[in-house]
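The values are calculated or read from the model by the stated rules, or taken from the named source; none is laboratory data. As the structure is a prediction and not an experimental result, all values here were calculated from the model. Here Cβ is always computed from backbone atoms with ideal geometry, including for glycine, and neighbour counts include all displayed protein chains. Accessible surface areas use protein heavy atoms only, side chains included; no ligands, DNA or RNA. Shrake-Rupley method; radii C 1.70, N 1.55, O 1.52, S 1.80 Å.
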Amino acid sequence: MAVSSSLQVAFNRHINAEFYSSYLYLSMSTYCDSIDLPGFSHWMRIQSQEEYDHAMRILTYLEDRDGRVTLLPIEQPAIEFDSVEDVMRQTLGHEQHVTQLINELYAVAAESADFASQVMLQWFVNEQVEEEKTARDVIAALDKVAGRSDALLLLDREMAARVPTPAAA
Ligand code: FEO
């Protein structure tokens, strides 16, 4: 059974939101590189890749459900940030926004009595818990660093150790 037209519109909007997230984190990655924090830059690049995978996960699901994918324009992300602390606070704010979008998408799936979509979206509901926690953890670490350059260098090295998680199945 194909997805309802309201759900198809909502899925297409969300594919766009995930691609925008990928673009935003790529912009943050280049900013971190510009302020000589290669570890944060690397971490953000992986974050960007994961958002691309999220978009593709929904895109593939929509195709599997005989829906029509519509690729919408991707908004230009911010280019400049005040500091790496600003980057991470904006990351948390953005993830909280995405959580809200996922919740709204889930509500449309529930209104459409589309159980397969609700099951698929459960993965994203759980992922958002992780995404917000991870951003909060990095902010807490930055708060402890409190601007000391030696501690920031060590934290940057830790951020460089992030490895990509396998692409969404
Ligand atoms: Fe795709 Fe960071 O949520």
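If packing is taken as the average number of other Cβ atoms within 10 Å across a peptide's residues, how do 153-165, 82-94 rank, most packed first?
Most protected by this proxy first, the peptides run 82-94, 153-165.
Relative contact order for region 5-160: what is it in percent, counting Cα pairs under 8 Å that are at least 6 residues apart?
This gives 31 percent for region 5-160.
Please express the shape of region 5-160 as an equivalent ellipsoid: the semi-axes are the square roots of 5 times the eigenvalues of the C-alpha gyration tensor, given largest first in whole angstrom.
33, 15, 12
Share of region 1-116's accessible area from carbon and sulfur, percent, 1.4 Å?
Numbers: 3030 of 5810 Å².
About 52 percent, which is the carbon plus sulfur part of the accessible surface.
For the chain, list the DSSP H helices whose alpha carbon atoms reach 24 Å or more along the long axis and whose average Kyte-Doolittle value is -1.0 or above?
Flagged H segments are 5-34, 38-64, 84-111, 115-145.
Can you give the accessible area of Ser149 in Å² (nearest 10), computed on protein heavy atoms with a 1.4 Å probe?
Roughly 90 Å² of Ser149 is accessible to a 1.4 Å probe.
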